[in-house]
Amino acid sequence: MSACRRAVDRLGPYQSLALLLIPLSIVEPLKLAAVAVAGHGHWLTGTGMIVAAYAVSILLLERLFEIVKPKLLTLDWFAKAWIRFVALRRRVVCWFKSRKASEPQSD
């Protein structure tokens, strides 16, 4: 596993982006295909596909993103987009927290 990590660490920023986009371009359409399979009446198969796609997304893509993120942040356009995304995420979380705090307690 450390050999893979060293190989990924040697990649440049655009190579790191390509490495991240390859599994992402497989996993995300698989999620849509799983919904289509479930929509055709194959609930168990569709559910299994969705669970597997999300597991790969969480286990592989999240870990890979954490490894390549420093390299990606050296790209100006990615750094600007990341800053905007983090700011938007922070505003949305604060909005949800304020809505939850303003809801009456139902005891």
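Which value, in Å², gives the accessible area per residue of the chain when a 1.4 Å probe is used on the protein heavy atoms? Intermediate values should be presented prior to the final figure.
On the way: 8270 Å² over 107 residues.
On a per-residue basis, the chain sits at 77 Å².
Using a/c under 1.5 as the rounded threshold, could you call region 40-79 rounded, prolate or oblate? The axes a ≥ b ≥ c are square roots of the C-alpha gyration tensor eigenvalues, and prolate needs a/b larger than b/c, oblate otherwise. Spell out each step's value before the answer.
Values: a/c = 8.65, a/b = 3.05, b/c = 2.84.
In terms of gyration-tensor shape, prolate.
Mind running the shape call on the chain? Use the C-alpha gyration tensor, a ≥ b ≥ c as the square roots of the eigenvalues: rounded below 1.5 for a/c, prolate if a/b tops b/c, oblate otherwise.
oblate
What helices does the chain have that are whole DSSP H segments, at least 18 Å long along their own axis by Cα, and with mean Kyte-Doolittle hydropathy of -1.0 or more?
13-39, 43-56, 76-102
Quick one: ranking Leu32, Leu44, Leu61 by accessible area, 1.4 Å probe, largest first, what do you get?
Leu44, Leu32, Leu61
Tyr14: accessible area at probe 1.4 Å, nearest 10 Å²?
140
Once you have a ≥ b ≥ c as the square roots of the Cα gyration tensor eigenvalues for region 1-63, tell me rounded if a/c is under 1.5, and otherwise prolate or oblate according to whether a/b is larger than b/c.
In terms of gyration-tensor shape, prolate.
Expressed as a rounded percentage, what relative contact order does the chain have, with Cα pairs under 8 Å and six or more residues apart?
Relative contact order, the chain: 28 percent.
The values are calculated or read from the model by the stated rules, or taken from the named source; none is laboratory data. None of these values were measured; they are calculated from a predicted model. Quick note on the areas: whole protein, heavy atoms, side chains included, nothing else; ligands and nucleic acids left out. Shrake-Rupley method; radii C 1.70, N 1.55, O 1.52, S 1.80 Å.
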